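Below you'll find the structure, written out as structure tokens, and then a few comments.
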Amino acid sequence: MKRFKVAVVGATGAVGRQMLAILEERSFPVSEVIPLASPRSAGRKIPFGGAELTVRALEPGAFAGVELALFSAGATVSREMGPLAAQAGALVVDNSSAWRMDPEVPLVVPEVNLEAARKRPRGIIANPNCSTIQMVVALEPLRAAAGLRRIVVSTYQAVSGKGARAVDELVRATEAHLKGAPIPPAIFPSSMAFNVLADWKPAEAGYTEEEIKMVNESRKIWSDPALRVSATTVRVPVLNGHTESVLVETERKLTVADAKRLLRDAPGVILCDDATQPMPTLASGRDEVFVGRIREDLSTDNGLCLIVAADNLRKGAALDAVQIAEALLSSAAS
Ligand SMILES: NC(=O)c1ccc[n+]([C@@H]2O[C@H](COP(=O)([O-])OP(=O)(O)OC[C@H]3O[C@@H](n4cnc5c(N)ncnc54)[C@H](OP(=O)(O)O)[C@@H]3O)[C@@H](O)[C@H]2O)c1
């Protein structure tokens, strides 16, 4: 069986660490794994496959011989280094926002549009934003059966979506708050302890960048540029696992029973029974997207309301990237 030389860019970060864990868990056929990060982390040891890997500083020559490069070190790094990795011959799967809306870069969620990954003129494939991924996985079976007319989504996003330092900040801010000695925030614009806030940059028409990403990315994934999507994204003091409240209006009516039947067999989805709510504590550490609390919307004719929860670091980022790589490299591996 062929084995691949794999570079993980951002290996010390919240997503990068999950990438290493997932490569190991899924026995991805690796000949060598090269963990890359900023010069701050060069020389650091990280566990992989029962041994220790030494983190290297990312530099342009780092991709010699690399066949798969998984990027999660932010958009600036991806913009600069992604093309270099592709030129060196690597299949590049990028988790940042750098390439998502580039018409020459497919934006891929394997359960939804894997076929888009076959055409990649830049040699780069983009992973959507974490909040988009779990929404499209949950809605794809409904879309395929009844068409989509409109989506209204509100998110409840975990702090791990902002990286490893954001998780530390919530823990420290919570402890400080409980001791009655609040600390000033560094990563978030206000303290996240016992708080709810939209911490993304403003984009257009009063929406944040995160909200606009959900609109544009779902349109691109479903090749439906006119799809009506409206998003409100909010951060909550949860360490890991994003939750979403989704109102979906379909072209043809689906009953709650129809939706449950479709979701029960959907790839990557766990349909929660009526006694179980999709929650971040249920989804964190799991690969599947949890869907539940399915109700007929009371304000539209063809509307369904549902709650969707998933691990933003796994299905929302690292797992999606590894699944794309598995699908594209599997023929070469056998
Ligand atoms: N967190 C999520 O749920 C999520 C979901 C989807 C997509 N993403 C995307 O994934 C990317 C990483 O997110 P994260 O949450 O893992 O962030 P993070 O925890 O802050 O980790 C960032 C990683 O990038 C590395 N890095 C930073 N600057 C670098 C540079 N100049 N050269 C090389 N490496 C550099 C860091 O290395 P050092 O440790 O050396 O600083 C670290 O390994 C972002 O683009 C984010 O938008 C995140």
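The values are calculated or read from the model by the stated rules, or taken from the named source; none is laboratory data. All of these numbers come straight from a predicted model, not from anything done at the bench. Every residue, glycine among them, receives a Cβ derived from its backbone with ideal geometry; neighbour counts consider all protein chains shown. Ligands, DNA and RNA are excluded from the accessible area calculation, which covers all protein heavy atoms including side chains. Shrake-Rupley method; radii C 1.70, N 1.55, O 1.52, S 1.80 Å.
Listed values, structure above:
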item	result
Residues of the range 153-168 that turn out to be of a type in the set (A, V, I, L, M, F, W, C) and open to solvent by 20 Å² or more (accessible area, probe 1.4 Å), as a count	2
All positions within the range 78-91 that are under 20 Å from residue 10 (Cβ atoms) and in a loop (DSSP other than H, G, I, E, B)	88, 90
Subset of the range 284-298 [open to solvent by 20 Å² or more (accessible area, probe 1.4 Å) and within 16 Å of the ligand (Cβ to nearest atom)]	284, 285, 286, 287
Single match in 196, 215 (criterion: touching a strand residue (DSSP E or B) at 6+ places or on another chain (Cβ under 8 Å), open to solvent by 60 Å² or more (accessible area, probe 1.4 Å) and not hydroxyl-bearing (Ser, Thr, Tyr))	196
Residues of the range 92-104 that turn out to be within 11 Å of the ligand (Cβ to nearest atom) and assigned to a strand (DSSP E or B), as a count	1
Any pair with Cβ under 7 angstrom, 6 or more apart, that starts in the range 125-136 at a residue that is in contact (Cβ under 8 Å) with a residue 60 or more places away in the chain and among the hydrophobic types (A, V, I, L, M, F, W, C) and ends at one that is assigned to a loop (DSSP other than H, G, I, E, B) and more than 9 Å from the ligand (Cβ to nearest atom)	125/105; 125/106; 125/108; 133/109; 136/109
Selection within the range 123-161 - assigned to a helix (DSSP H, G or I) and near the ligand (Cβ under 10 Å from one of its atoms)	130, 131, 132, 133, 159, 160, 161
Tally of residues being near the ligand (Cβ under 6 Å from one of its atoms) and either open to solvent by 30 Å² or more (accessible area, probe 1.4 Å) or not aliphatic (A, V, I, L, M) (or both) across the range 16-44	4
Complete set of residues in the range 54-74 that are touching an Asp or Glu at 6+ places or on another chain (Cβ under 9 Å) and without any contact (Cβ under 8 Å) to a residue 60 or more places away in the chain	60
Residue match in the range 162-177 (condition: small (Gly, Ala, Ser), more than 20 Å from the chain's Cα centre (by Cα), within 14 Å of the ligand (Cβ to nearest atom) and under 22 Å from residue 10 (Cα atoms))	no
Count of residues meeting criterion [among the β-branched types (Val, Ile, Thr) and either open to solvent by 10 Å² or more (accessible area, probe 1.4 Å) or farther than 13 Å from residue 219 by Cβ (or both)] in the range 121-152	5
Helices (runs of 4 or more DSSP H) contained entirely in the range 215-334, each with at least 2 residues that are under 30 Å from residue 1 (Cβ atoms)	319-333
Odd one out for residue 115, checked against (1) of a type outside the set (A, V, I, L, M, F, W, C); (2) out of contact with any Leu (no Cβ under 9 Å at 6 or more places or on another chain); (3) crowded, with 19+ Cβ neighbours inside 10 Å	(3)
Single residue of 89, 74, 65, 82 found to be within 12 Å of the ligand (Cβ to nearest atom), surrounded by fewer than 23 Cβ atoms within 10 Å (Cβ to Cβ) and at pLDDT 95 or above	74
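Rundown of residues vs (1) surrounded by 17 or more Cβ atoms within 10 Å (Cβ to Cβ); (2) aliphatic (A, V, I, L, M); (3) under 18 Å from residue 132 (Cα atoms), yes/no style:
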{"position": "235", "(1), (2), (3)": "yes, no, yes"}
{"position": "282", "(1), (2), (3)": "yes, yes, no"}
{"position": "300", "(1), (2), (3)": "no, no, no"}
{"position": "306", "(1), (2), (3)": "yes, yes, yes"}
{"position": "311", "(1), (2), (3)": "yes, no, yes"}
